[in-house]
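This report refers to the structure that appears directly beneath it.
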Amino acid sequence: MYTEKVMDHFKNPRNVGEIENASGVGTVGNAKCGDIMRIYLDIDENEIIQDVKFKTFGCGAAVATSSMATELVKGKTVQEALAVTNKAVMEALDGLPPVKVHCSLLAEEAIHAALWDYAEKNGIKIDGLEKPKNDISEHEEEEEY
Amino acid sequence: MDRKIYLDNAATTPVKPEVVEAMLPYFTERFGNPSSVYEFAAQNKSAVTAARETIAHALGAEPAEIYFTAGGTESDNWAIKETAEAYSQKGNHIITTKIEHHAVLHTCEYLEKHGYEVTYVNVDENGVVKLDELKKAIRPTTILISVMFANNEIGTIQPIKEIGEIAKENGILFHTDAVQAFGHVKIDVNEYHIDLLSASGHKINGPKGIGFLYIRKGLKLRSYIHGGAQERSRRAGTENVPAIVGFGKAVELAVATMDERMKKELELRDYLISHILAEVPYVRLNGHQKERLSNNANFSFQFIEGESLLIMLDMENICASSGSACTSGSLDPSHVLLAIGLPHEIAHGSLRLTLSDDITMDEIKYVIVKIKEIVEKLRSMSPLYEDFIKRQ
Amino acid sequence: MDRKIYLDNAATTPVKPEVVEAMLPYFTERFGNPSSVYEFAAQNKSAVTAARETIAHALGAEPAEIYFTAGGTESDNWAIKETAEAYSQKGNHIITTKIEHHAVLHTCEYLEKHGYEVTYVNVDENGVVKLDELKKAIRPTTILISVMFANNEIGTIQPIKEIGEIAKENGILFHTDAVQAFGHVKIDVNEYHIDLLSASGHKINGPKGIGFLYIRKGLKLRSYIHGGAQERSRRAGTENVPAIVGFGKAVELAVATMDERMKKELELRDYLISHILAEVPYVRLNGHQKERLSNNANFSFQFIEGESLLIMLDMENICASSGSACTSGSLDPSHVLLAIGLPHEIAHGSLRLTLSDDITMDEIKYVIVKIKEIVEKLRSMSPLYEDFIKRQ
Ligand SMILES: Cc1ncc(COP(=O)(O)O)c(C=O)c1O
Ligand SMILES: Cc1ncc(COP(=O)(O)O)c(C=O)c1O
Ligand code: FES
Ligand code: FES
């Protein structure tokens, strides 16, 4: 069902855990599948993401996309991290089954939520960042024949 | 473990070598259409008759009451839709339960769009249908009660005899989806007052793509699949002779080994259940403690999600499932687990292990160890567990 | 002849050894439910995908347009009933022909009892549907035209492309029962404007109990068998993996050998037809002389009755049929033979011989000799023949 890359990230997820006193924490869920993802960011004064950790209550794809997303944003600037889309995460994993596309949205949204938290804590505004939704399930549509 | 430990026998089972053996000649040599005039093919008719007799015998039914179908799903569709059609003069109300298989539920939903009314009776926290609610649901227009014999997810066995009696007293037809029970539990259609019963070959080490519907003699329901005159003009389509022969063989074996098999499965299952409940924190057993299939164990592990658990078990060579296999395309938590009262996030962390008598006690011990390890690992990654621990 | 000469390939065919070979591992080893999460079973998904691709390719269709069913009959039921349901807003009229298989005819009759109107178009004396009549039958409320690709009794191949064009010009869906044609004749669903197509595994040396319905992308029709989410939520029931794999293999072989097979069958068939017509008096060939399946010969022998003929042929080790196998429970003469204008008593004396490329020219010669002998013998017993001779 999953690609080798997905399985690799699932078997050995990178950056699992928590960061004490993180610069930003974001938690998002998908009410439809019930899955939840949390991202911790440690951002330095140059707006560079020094460290990132995640926790996920979710399916194989959710675990793998969280892992890959943390890899993709680590060491990046806030603006660069903002540009990491779910598509980029999926491509980095060599793709996901159609029913699992929404799981990668969870990763994108969790990063945005953590960045939003960081911006709020520091009273700054990040260009192009909108207030994230807690529940991403409204994106989804029915399968068509 | 080198060997794959297959604990998903409720999804499907391997075909027994004896069954394959019995089927083989019917592919290449005795391939003829049993409806033909020539001897060579007409012989196949007796092979079909023999399988029908074996099956009828296993149910206390008559051979003429057994109609072969392409599986449990078709049988369920046939039983429910054609009862609805045949008895629509009498009424348009059907009673079923909230924990039926989708083959029953989606069929009932289809009928609801076509002028029928359906009551979905609740079950208690063990998954047992609430008989008082069922009785209260009966109306003068009720034409059918459809309650599954045993549930495919949580294994709970229903009080079929009581339900059959209620149906009989009220002059209502009674259908039971026995796909999970047939060959695993003793069933007598007369003792239990069953009018219609669905079963499927591949759940009892028979082939896929074959099932039957038991239709009590005298019932008016007609064909669901229209066409040729096969199955006494009630189910059209060239007879699937190899699969029918294989199904017959599988039933023969299942009946002959039932007592011994149940005994062995019970021992394994009870060891598994008691150890998981004792050794893993924040876990619950789903389904009835006693009134359950001898091969079914279903747990909910708090704070973790089922699919991840399954993949990790797979990495350890353990095949299991979370909810029913045929719904795994869906993201919704199992309707059965919601019906027994589990909140969404707990329903999500469910694990179904369905054994066979092929499993050893050593394998069960290995499975217990692995489940403990994996649950621990997944919890360490879970934001829900983190929150829970912090709240302590 | 020691060897049985099987000339009833339109009823069913032996499963090819390569097909059995391909299926075998899926019974006992790769038995898993393809909807499962674990790798071992998920692999079966790719086996199903591969079969779907082979089949789609053979039709010029896309894999996502192929839905596996339990056989041709189910496919016909699905196509017709669910088109009727899905497009009932547009109208309630269906056009079909008088020579369809019972899987289509009885389905249409069922719909007639449920508020639909069906026109059964006539065929000419060769069994070709009358296109002018078909065109005239079209109404603003016509939602479906269902015409079989090739007839199972007399072998006539219909002008499918023209019918497809008529359907398309009038914005009407077009279904074809290709159970007898698929794997025997080249079919391209786009070239022929086919929207729905039924086929069955056991008519092309594949297993029984498996078929498919081609559903053109974008069509609204929904499930006929309700339940689990298999076949992209359009056909419920645990996938019959061994049969699907076997079907795929059979299609692969049928496509690869089609030209050669047709050439050989044509030679045998034309020899058979020309010799029977030349050597037996009072006989006619039923069906079109040219536009017919390469393996079909269908004769009517005046003054004799089909079943006696079949039994006597069987005594000479020749397996044949009279009318379609699945109607042999019935005493009525074939509706197809009546539709091409045969009087009852001549329709009764019909013989269908359907060849395969497994047959030798020697066997055909033997069959011709035996038919001559038997027809003579039966005529010598026939009061009709006696009257006829006396009238001369
Ligand atoms: C209770 C129950 N009913 C019906 C079915 C459907 O049976 P099949 O897949 O053979 O059509 C199943 C299994 O999938 C089942 O467990
Ligand atoms: C033209 C035609 N349609 C439909 C069918 C039914 O196919 P099956 O017996 O595979 O259901 C047959 C054969 O029996 C046939 O010849
Ligand atoms: S199914 Fe919901 S996150 Fe994957
Ligand atoms: S005399 Fe036997 S079928 Fe009519």
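For the options C:356, C:35, C:200, a Gaussian network treatment of chain C with springs between C-alpha atoms closer than 10 Å singles out C:35 as fluctuating the most.
Taking the centroid of alpha carbons for each part, region B:20-36 and region C:208-287 are 19 Å apart. Spin-label model, residue C:384 to residue B:389: label points 7 Å out along the Cα-to-beta-carbon direction sit 8.9 nm apart.
The H on the amide N of residue C:118, modeled in the peptide plane, is under 5 Å from the matching H of C:94, each at least 5 residues off or on a different chain. When each of B:284, A:38 is scored by the number of other beta-carbon atoms lying within 10 Å, the sequence from fewest to most is B:284, A:38. In plain terms, the chain from residue C:186 to residue C:290 could stretch by 35.9 nm, reckoned as 0.36 nm per residue minus the Cα-Cα distance.
The alpha carbon centroids of region C:88-137 and region C:160-194 are separated by 15 Å.
What the phi angles of region C:165-177 give under the Karplus curve with 6.51, -1.76 and 1.60, with θ = phi - 60°, is a coupling list of 5, 4, 4, 5, 4, 9, x, 10, 6, 10, 10, 10, 7 Hz, glycine and proline written as x. Each of C:358, C:2 was scored by other Cβ atoms within 10 Å of its Cβ. Listed from fewest to most, they are C:2, C:358.
Neighbour counts of C-beta atoms inside 10 Å place C:142, B:141 in the sequence B:141, C:142, starting with the fewest. Measuring nothing but how far apart in sequence close Cα pairs (under 8 Å, 6+ apart) lie, relative to its length, chain C scores a relative contact order of 22 percent. Axis between C and B by rotation; chain C residue with nearest Cβ and distance in whole Å recorded as C:70, 2. Using a/c under 1.5 as the rounded threshold, could you call region B:232-328 rounded, prolate or oblate? The axes a ≥ b ≥ c are square roots of the C-alpha gyration tensor eigenvalues, and prolate needs a/b larger than b/c, oblate otherwise. Verdict is prolate for region B:232-328. Structure remark: mean-square fluctuation, Gaussian network model of chain C, C-alpha springs under 10 Å; the largest value among C:71, C:115, C:171 belongs to C:115. Working note: 222 nm ellipticity from helices only, DSSP H runs with n ≥ 4, each -39,500 (n - 2.57), summed and divided by the residues of chain A, gives -12000 deg cm²/dmol to the nearest 500.
Across the identical copies, the 7 Å label point of residue B:3, projected outward along Cα→Cβ, sits 4.5 nm from its counterparts, in ascending order. With a simple spin-label model that places each label point 7 Å from the Cα along the Cα-to-Cβ direction, the separation between residue B:43 and residue C:369 comes to 2.5 nm. Once both labels are positioned 7 Å from their Cα atoms along Cα-to-Cβ, the gap between residue B:89 and residue B:133 label points is 3.4 nm. Of all the options B:246, B:183, B:306, the one that moves most in a Gaussian network model of chain B with Cα springs shorter than 10 angstrom is B:306. Computed 3J(HN,Hα) for region C:75-83, one whole-Hz value per residue from the Karplus formula 6.51 cos²θ - 1.76 cosθ + 1.60 where θ = phi - 60°, is 4, 4, 4, 4, 4, 7, 5, 7, 5, glycine and proline marked x. Plainly put, the tip 7 Å out from Cα toward Cβ on residue C:186 is 6.4 nm from that tip on each other copy, the closest given first. Shortest first, residue C:140 label-point distances to identical copies amount to 4.3 nm, with the label point at 7 Å from Cα along Cα→Cβ.
All of the numbers you see were taken from the coordinates with simple rules; none came from a lab. This one's a predicted model, so the numbers in the text were calculated from it and none came from an experiment. Glycine gets a Cβ as well: all are built from the backbone with ideal geometry, and neighbour counts include every protein chain shown.
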